[in-house]
Amino acid sequence: MFDRLKARWKVNSWSLFLILTTFALGGSTCARMAKWLIPADLHPGQPVWWIVYLILVTLLWPMCVLLISIPLGQFPFFKNYLKRIASRMAGKKTSSSNAIPRIAVFASGAGSNVEKLIHSPFNKSAYDIALVVSNKSTAPVVELAKKNNIPVLVLEKQDLENPDKLLKHLKRDQIDAIVLAGYLKKINPELVEAFPNKILNIHPSLLPKYGGKDMYGIRVNAAVIEAGEAFSGITIHLVNEEYDQGQILFQEKLARSADETPDSLAKKIQQLEHQHFPNAIANYLKSPIPR
Ligand code: GRF
């Protein structure tokens, strides 16, 4: 149970201990305060006492946990936690409230971009990586997610054809948007439909050039060099039913050197991706998303 909580709240064991302590101290303090505030002419034998007590506890509890969370260093956690409760009580979906959009990152490989997204200052301020989805249980990105206490969903072969399980999981985790960071499988049309304009991908070329099926990894850079292009670059775009054909959101180009090899170009491209990906995601998610 503790492991599930750590993964859900993305905290380590020590923070979990402090959070649970805050809950316990906050709960007992607000129960005491509520009893103390009830007028003396009421007593627990009367139903009205219980009604007043419950109202007071409900009103005092957020204040108590917030105050107690300050000396225990857990204020940011409880601020977000209470925000989420408030937006759920208001019947709002997370994305339409002020809450930080929860994203699922899909990846199949090394995860260097996912690592940048995790350690970016935009994580937890402009987006919250709530889930990592991979089609490969042995991919380094799976280990990376676990190390950072991010829940992981590994897709089985049948889930790639039938996205029902995936869709249920994304709904249950209240995922607002999907980010593809080196995900090598095609995205099902059902997923595109369920997340309209809310799936982003990063591609290591200046699309529409050098995109499409089988254009991934080092092949892209090899094709750019082979064609004698003077420039290459990165593209961050929306995902639709066709490979690499969704609306382009951001591009950055770089000049290729005369003695460029696919590997040397890959290094430059990767640097560019790491530099711009978190920012591009943050910018897109903070602007109104067309439905
Ligand atoms: C990146 O080059 C990205 O453009 C492409 O897949 C690669 C992922 O690399 N879609 P990494 O796993 O993030 O290192």
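The values are calculated or read from the model by the stated rules, or taken from the named source; none is laboratory data. This structure is a prediction, so every number in the text was calculated from the model and none was measured. Note that we place each Cβ from the backbone using ideal geometry, even for glycine, and neighbour counts take in every protein chain shown.
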| How do the pairs read when you match residues in the range 195-211 that are closer than 17 Å to GLY228 by Cα with residues anywhere that are more than 13 Å from the ligand (Cβ to nearest atom) and assigned to a strand (DSSP E or B), using Cβ under 9 Å and keeping only pairs 6 or more apart or on different chains? | LEU206/PHE231; LEU206/LYS253; LEU207/ILE248; PRO208/ILE248
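Looking only at the range 188-200, which residues are buried (at least 16 other Cβ atoms within 10 Å of the Cβ) and either more than 18 Å from the chain's Cα centre (by Cα) or more than 16 Å from the ligand (Cβ to nearest atom) (or both)? If you could, list the steps in order and put the result at the bottom.
Keep residues of the range 188-200 that are buried (at least 16 other Cβ atoms within 10 Å of the Cβ), which gives 188, 191-192, 194-195, 197-200.
Listed by number, the residues that qualify are ASN188, LEU191, VAL192, ALA194, PHE195, ASN197, LYS198.
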| remark: The residue from THR22, THR29, THR94 that alone is of a type in the set (S, T, N, Q) and modelled with pLDDT under 95 is THR94
| query | Which of the residues belonging to the range 231-261 are within 14 Å of the ligand (Cβ to nearest atom), farther than 19 Å from ASN113 by Cα and out of contact with any Gly (no Cβ under 9 Å at 6 or more places or on another chain)? | reply | GLY246
| remark: Output for Cβ contacts, cut-off 6 Å, separation at least six or different chains, first residue at negative phi in the range 12-27, second part of a helix (DSSP H, G or I) and among the hydroxyl-bearing types (Ser, Thr, Tyr), reads THR22/SER69
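Could you check the range 156-173 and list, in sequence order, the residues that are within 12 Å of the chain's Cα centre (by Cα) and surrounded by fewer than 18 Cβ atoms within 10 Å (Cβ to Cβ)? Full working, then the answer.
Kept after step one, since they are within 12 Å of the chain's Cα centre (by Cα), are these residues of the range 156-173: 170, 173.
Selection gives ASP173 alone.
Matching residues to (1) in contact (Cβ under 8 Å) with a residue 40 or more places away in the chain; (2) of a type in the set (A, V, I, L, M, F, W, C); (3) in the same structural domain as ASN201 (by TED's automatic domain parsing):
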position: LEU72; (1), (2), (3): yes, yes, no
position: TYR81; (1), (2), (3): no, no, no
position: ILE118; (1), (2), (3): no, yes, yes
position: ALA130; (1), (2), (3): yes, yes, yes
| task | Take the range 224-245 and flag every residue that is surrounded by fewer than 20 Cβ atoms within 10 Å (Cβ to Cβ) and either touching a His at 6+ places or on another chain (Cβ under 6 Å) or of a type in the set (Val, Ile, Thr) (or both). | result | ILE225
| said: Being more than 16 Å from the ligand (Cβ to nearest atom) and either more than 30 Å from GLU156 (Cα to Cα) or over 15 Å from the mean Cα position of the chain (by Cα) (or both): is that true of LEU131 here? | reply: no
| In the range 105-119, is there at least one residue being modelled with pLDDT under 85 and not in a helix (DSSP H, G or I)? | no
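Taking the range 172-186, which residues are over 26 Å from ASP214 (Cα atoms) and either within 16 Å of the ligand (Cβ to nearest atom) or out of contact with any helix residue (DSSP H, G or I) (no Cβ under 8 Å at 6 or more places or on another chain) (or both)? Steps first, please.
So the first thing to find is which residues in the range 172-186 are over 26 Å from ASP214 (Cα atoms), and the list is 172-176.
Correct list: ARG172, ASP173, ILE175.
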